[in-house]
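The structure appears right after this line, and notes come after that.
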Amino acid sequence: MAEIHYQVKVEKDHIRKLAAAKPVPAIAELIWNGLDADATRVDLEFDEGEAVTEAIIVSDNGHGIPYADVETLFGKLGGSWKAHGNRSKGRARLLHGKEGKGRFKALALGRVADWTSVFRAEDQNKYRFTISVIRDDLVDVRVTAPTRVENSMPTGVEVRITELDRSYRSLEPDQSVQPLSEIFALYLTDYRDVSIYVASQKLDPDSLIKVRTSFDLQPIIDEGAEFSASVEVIEWTSATERWIFLCGPEGFPFHRVSPGFQTPGHQFSAYIKSQFIQKLQEQSLMDFVEMNAPLQKALEEAGERIKLFFRERDSEVALSEIERWKAEEVYPYAEPPQTSVEVAEQQLFNIVALNVNKHVPDFSSMDRRNKAFQLRMLRHALEKGPNELQHIFSEVLGLPERKQKELSKLLMEADLGNIITASRLVSDRMKFLTGLEMLIYDPETKKYLKERSQLHRMIADNNTWIFGEEFSLTVDDQSLTEVLRKHRKLIGDEIVIDTPVKRIDEKTGIVDLMLSRSVPQSRPDEREHLVIELKRPSQPIGADEIMQVKKYAYTVAADERFRHLKTRWSFWVISNELDPFARIETRQKDKPRGQVSQTDDGAVEVWVKSWSEVLADSKGRMRFVQDKLQANVDKDHALAFLRTTYDRYLSSLPEPTSAESEEDEDAAAE
């Protein structure tokens, strides 16, 4: 019998479209053909030449292609034997394809494809023949005459693709085992007697599956008809591309789409199963799924279910890890948070620490001492601010750059880094004020507290904020001559300082502190100097102390080198108590309480202050800032951002009871 030719009854451009596919999906179609023919083993192999791969071979041990079926199978599309049933001939397996389109995918890899079939005929003898298709003439199918072979020869089909377009690195085992496992995962776990090999490496989805679960979806409704739907999710142990496979009701993938959402740290495949998808496949509409509203609705619902599933899994892992740290006594927060800022700080710390635990090699296996140190360092960096934390991420912990950017974005968008830093600063300042108050007023300490060596130095050392946030220190324990030099530098005048500044009694005056600021709002070019004269707490302010600070003020007022139309001077003398003379001086008619002198132009003024006034004013400012910080965390988007974007870490964590919630519970109980 001579070679015969069949003409495919379809337009050439339609076949050419079918012959276009990416390497892995193209090979998958050929494997499906073997499985639908009851194969228990399918092999993907490569015929390697001296320099290049000469052929790609897909072989199976199925029942083969009967010679009598060739015209039906290759002569026209939609004429597959599978169209007459949904189960395979011998083993009654569920069929993947029914329309005979998949075989043309072989030509997506090379110019020539040959199908060599060994089959058992009705006379119980076995025969072999070859079907050839060349991409240059897709509608011409050449078939050799069948020849009889030994009955010991196994049945099956070998597809040999030659004149390859290129070297297909993506089909080699190290590249193709994972994506092929994703495609055939459901089939191979349902049919345990089936094996697929890639260059002698067996696909074993079970060994690659980390977690497998499934959810029912809302029915898909189309033109009044209702189709049940479900999604099966497989999380893989190794890194891979994330795909959502659109499958028939039995889980056979027909099409895949990229998910439009993120599941950081999770590599998964999802399989949406529905008869509706089978219907779209039969109608050749799978290339237009983006335009199908009912299917898009099912995809959106599946996406939400998948995200929720992984958030819940992350929460379980996070809770377990944090509880382990607490049990090991390495968690750097010994007490539960009492304010909203502290709640936010601990939640942000948990996110950062869990990411470090996940991405820094050997962190989880560190000994207790080193782990406690690392976690304390993270807490300290978090309190210092985003810049310090970024340094820890990159220089100390060596986090991957992608993870550094993700956590830095969290700090920037949630704005919690700055809130936590400010809150810690205010907390430290409140502690300083409380401690200073105890030192100044405690009967046992105030008599030993020295003016210059102790009190003066504590305040000069970054604590001049107690007199106002807007001031900065410009002179510390210097003469009036140095005060003049600083004044000249600030105002920018060319003042000639050829003689030292003397008080009006011709003595050299030593100023404890001089603070300076630019006057805000409408007069930014004006300067204001605040000169502080500190007295030891046990020394009441009387006539001598007031006269001393007045002499400084009068010297500045009288010396023309200090004169500047846009500069104001305030002189303060501070101690615990005022004697009777000082109390009268601070209560003068038509003057604010505490003001004892002012020049006619208002440029120079003298004030007497008690420590109780200074501390009360400073505490009031700190409490105001604290209240504002609490309001920011409670009302703004910071916590909402955390709980929405990073819910996988936070949703199952126990919410620490804050002072406010305890009060609410008490009120409810009453």
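Brief remarks follow.
- For the set THR567, THR213, solvent exposure ranked by accessible area (probe 1.4 Å, protein chains only) runs largest to smallest as THR213, THR567.
- Accessible surface computed residue by residue for the range 99-207, with neighbouring protein chains in place and a 1.4 Å probe, gives 43 Å² per residue.
- Förster radius 41 Å - calculated FRET efficiency between ASP69 and GLU304, Cβ distance, rounded to 0.05: 0.35
- Placing a pseudo-label 7 Å from each Cα along the Cα-to-Cβ vector at ASN463 and VAL257 gives an inter-label distance of 6.5 nm.
- Protein-only accessible surface order, largest first, of LYS105, LYS297 at 1.4 Å: LYS297, LYS105
- Estimated dipole of the range 193-291 in Debye, rounded to 20 [Cβ of Lys and Arg +1, of Asp and Glu -1, Cα centre]: 360
- Taking GluC sites (Glu not before Pro) across the range 292-323, none is in a DSSP loop with at most 16 further Cβ atoms lying within 10 angstrom of its Cβ.
- Model label sites at ASP136 and ILE584, defined 7 Å from Cα along the beta-carbon direction, differ in position by 12.3 nm.
- HIS380 - accessible surface, heavy atoms, 1.4 Å probe, Å² rounded to 10: 100
- Exposure ranking of ARG583, ARG256 by accessible area [1.4 Å probe, largest first]: ARG583, ARG256
- SER258 - accessible surface, heavy atoms, 1.4 Å probe, Å² rounded to 10: 80
- Theoretical gain in end-to-end length, GLN275 to LYS297 [0.36 nm per residue, Cα-Cα removed]: 6.4 nm
- Extension gain (nm, one decimal) between PHE215 and MET438, 0.36 nm per residue minus Cα-Cα: 73.9 nm
- Summarising the label geometry, the points placed 7 Å from Cα in the beta-carbon direction at ALA145 and SER228 lie 5.4 nm from one another.
The values are calculated or read from the model by the stated rules, or taken from the named source; none is laboratory data. Treat the numbers as computed from the prediction; the structure is a model and nothing was measured. Every residue, glycine as well, gets a Cβ built from its backbone with ideal geometry; the counts of neighbours run over all protein chains shown. Surface areas here come from the heavy atoms of the whole protein model, side chains and all, with no ligands, DNA or RNA. Shrake-Rupley method; radii C 1.70, N 1.55, O 1.52, S 1.80 Å.
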